[in-house]
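Chemist: Mind having a look at this structure? Questions to follow.
Read-outs: derived from the displayed coordinates by stated rules, not from any lab. If you're wondering where the values come from, they're calculated on a predicted model, not measured in any experiment. Quick reminder, even Gly has a Cβ in these numbers, built from the backbone with ideal geometry, and neighbours come from all protein chains shown.
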Amino acid sequence: MFLTAESVIILQAPLQLRELVITSPLSKLPKSTGQLKHLELIIIKCPSGKLKTLPDEFCDLQCLEHLELTYCTEMKSLPESFGNLKNLQHLDLSGCSKLRKLPNSFRNLKQLKHLILIWCTGLTISSETLGNITTLEFIDMRYSTKIEVLPPQVAHQRDLSELCLTGTNIRELPSAIGDLRDLKILDIGGPSLEILSPLLGCLRSLKKLAIGDCRFAKLPVWFLSMNYTRRFSSNQLKCLPDSIGELNQLEKLSLNSTGLECLPPCIMALNNLQELEVESSPLRELPFKRDSLVECMLGLTFLYLDSTRISEIAFGKGICPNLQSLRIYSCKRLAEVGTLPNTLTELEFCYCETLENIEGLCGLAKLCYLEIRGCPNVEELSGFGTLKSLESLLIDECGEITGIRGLQQLTKLRFLCVSNCCVLEELAGIEHLMELRELHVSQCPSLQYGEEELEHLRQLGLKI
């Protein structure tokens with residue numbers, strides 16, 4: 001049943017009603033709501049509303065299992081009898097930014113499985129908050145900035161599979177964190193984070209570990225623009241515990257806005273890791289350069305580096321033997337690219353201002369997509385003759401490139417975009433690209449075409 005704000009005030013609903021959804025501005029919820037004894041689901045979204053509290057009668061809804069009370073920016077408290085909702089399993093209070101605390105009776109919600117407190121920026125949680133609750137499977141407290149200590153009871157939630165704490169002011173996780181043997185997703189980070197417990201390695205079921213400001217809570221733009229800024233300062237985490245190498249089931253590792261300058265060699269043992277992301281961190285080197293007697297990081301297929309301090313990237317023999325996608329963005333100190341895994345299918349270098357040499361292009365026979373953008377010091381691109389599978393090539397804002405060698409051997413190339421390359425003089429061999437279907441050339445004032453090239457482009461129906 002969907003209700004407007006006006007109809008809520010004179011609520012006359014069937015007593016057998018099981019679902020109630022309110023999406024209009026609301027200032028008051030009538031006491032008669034407590035008479036709807038069969039309600040199992042309530043969703044109240046109050047953009048621009050002035051709902052400050054719930055009537056005590058609301059807590060008489062003994063059948064209520066699912067409650068979403070979101071974006072109620074004037075809500076300051078919940079009824080003291082809130083713990084009477086004995087069957088409540090899902091509670092979402094996202095965006096209740098003036099909510100100060102949860103009532104003492106909250107500990108009596110013994111069936112609670114999902115607790116979502118995103119952007120509850122005024123909320124503090126005491127060690128007694130969770131009390132007798134042991135059934136939680138999902139906890140999300142992202143960007144609740146006044147949360148500084150994680151209640152120790154969290155470590156007693158044996159069925160907990162996802163714990164999201166990014167944007168809180170938690171300095172460290174409780175020592176018993178290793179008891180969460182079923183935890184699959186851990187998302188933690190904020191300006192106060194300094195320590196990760198060595199017991200992190202006990203989380204043997206962990207599949208995703210995100211440290212730092214790695215994902216932004218999906219709240220409405222109007223809410224964010226009205227109340228908060230989107231960025232948080234970097235945390236103080238300087239190193240990862242060696243026990244991270246024991247996370248045998250880990251599939252994704254995201255590190256964003258940390259103080260990390262290097263990655264521990266133990267991550268090379270993470271053979272199930274599929275995705276590695278490092279962003280906005282002072283990372284100076286990667287442990288990939290040296291040859292290995294045994295193949296390491298067998299499962300890694302995606303590597304993303306953004307705004308780090310690395311000066312070189314190269315892969316030794318046996319390192320990341322199945323890597324498919326490498327994306328490097330805004331690594332302004334990157335100067336050289338050495339040997340790359342020959343399994344790559346996607347390769348991007350964007351806004352790497354000091355990059356000069358990309359020697360690793362040679363031999364990438366499986367590469368399908370190549371993008372080089374905003375790299376003004378790259379003078380020459382060699383090795384194109386070995387890119388037998390290349391289908392898309394994009395070169396933009398590379399002001400020192402005068403030519404591209406081996407273009408005629410890219411027999412599978414279908415998309416070619418070249419722009420803002422002010423000294424580029426020729427695209428030699430373009431007349432041999434029989435599969436070319438899209439050609440975009442702009443802001444290349446020095447580029448000239450021969451008659452044979454122009455005739456070929458006309459035959460393909462392409463315009464310059």
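Chemist: Taking only DSSP H segments of four or more residues, each worth -39500 (n - 2.57), what value at 222 nm results for the chain once the sum is divided by all its residues, to the nearest 500 deg cm²/dmol?
Modeler: -1000 deg cm²/dmol
Chemist: Further, regarding this structure: Defining a contact as two alpha carbons under 8 Å apart and six or more residues distant in sequence, what relative contact order in percent does the chain show? The partial results should precede the final answer.
Modeler: Numbers: 1384 pairs, mean separation 24.7, N = 464.
For the chain, the relative contact order is 5 percent.
Chemist: I'd like the FRET efficiency for D291 and E379, computed as 1/(1 + (r/R0)^6) with the beta carbon distance as r and R0 of 35 Å, rounded to 0.05.
Modeler: Working: r = 29 Å, r/R0 = 0.84.
It comes out at approximately 0.75.
Chemist: Divide the volume of the convex hull of the Cα atoms of the chain by its number of residues and quote the answer in cubic angstrom per residue.
Modeler: Details: hull volume 74.4 nm³, N = 464.
Convex hull volume per residue, Cα atoms: 160 Å³.
Chemist: Of the peptides 88-95, 189-196, how do they stack up when ordered by the mean number of other Cβ atoms within 10 Å, highest first?
Modeler: In decreasing order of mean packing, 88-95, 189-196 become 88-95, 189-196.
Chemist: Hey, another quick one. Would you mind ranking D140, D56 so that the residue whose beta carbon has the fewest other beta carbons within 10 Å leads the list?
Modeler: On the way: D140 20, D56 14.
By the 10 Å Cβ count, ascending, the order reads D56, D140.
Chemist: Pairs of Cα atoms under 8 Å, at least six residues apart: use those to get the relative contact order of the range 1-135, whole percent. Don't skip to the answer; put the middle values down first.
Modeler: On the way: 365 pairs, mean separation 23.2, N = 135.
Once divided by the residue count of the range 1-135, the mean separation gives 17 percent.
Chemist: How far apart, in nm, are two points set 7 Å out from the Cα along the Cα-to-Cβ line at E194 and at E425?
Modeler: A separation of 6.0 nm, rounded to one decimal place.
Chemist: Return the aspartates and glutamates within reach of K388: Cα separation strictly under 15 angstrom, same-chain partners fewer than 8 residues apart disregarded; answer none if there are no such residues.
Modeler: The qualifying aspartates and glutamates are E346, E435.
Chemist: Same structure again: Mind checking the full-extension length gain between E137 and V21? Use 0.36 nm per residue of separation minus the Cα-Cα distance, one decimal, nm. It would help to have the intermediate numbers written out before the result.
Modeler: On the way: separation 116, 0.36 × 116 = 41.76 nm, distance 2.46 nm.
Extra length available between E137 and V21 comes to 39.3 nm.
Chemist: Using 7 Å Cα-to-Cβ label points, what is the K146/A314 separation (nm, one decimal)?
Modeler: Label-label distance for K146 and A314, simple model: 5.4 nm.
Chemist: Set the bar at 28 Å for Cα to Cα. Now go through K146/K208; K113/K252; K45/K110; K98/K238; K76/K113; K45/K252 and name every pair that lies beyond it.
Modeler: Numbers: K146/K208 25 Å; K113/K252 25 Å; K45/K110 25 Å; K98/K238 33 Å; K76/K113 23 Å; K45/K252 33 Å.
The pairs that break the limit, which is 28 Å between Cα atoms, are K98/K238; K45/K252.
Chemist: Can you list, largest first and rounded to whole Å, the semi-axes you get for the range 1-135 by taking the square root of 5 times each eigenvalue of its Cα gyration tensor?
Modeler: Numbers: eigenvalues 101, 65, 28 Å².
That gives 23, 18, 12 Å for the three semi-axes.
Chemist: Can you tell me the FRET efficiency between A365 and N271 if r is taken as the Cβ-Cβ distance and R0 is 25 Å, rounded to the nearest 0.05? Show your work: numbers first, answer last.
Modeler: On the way: r = 25 Å, r/R0 = 0.98.
Computed FRET efficiency for A365 and N271 comes out at 0.55.
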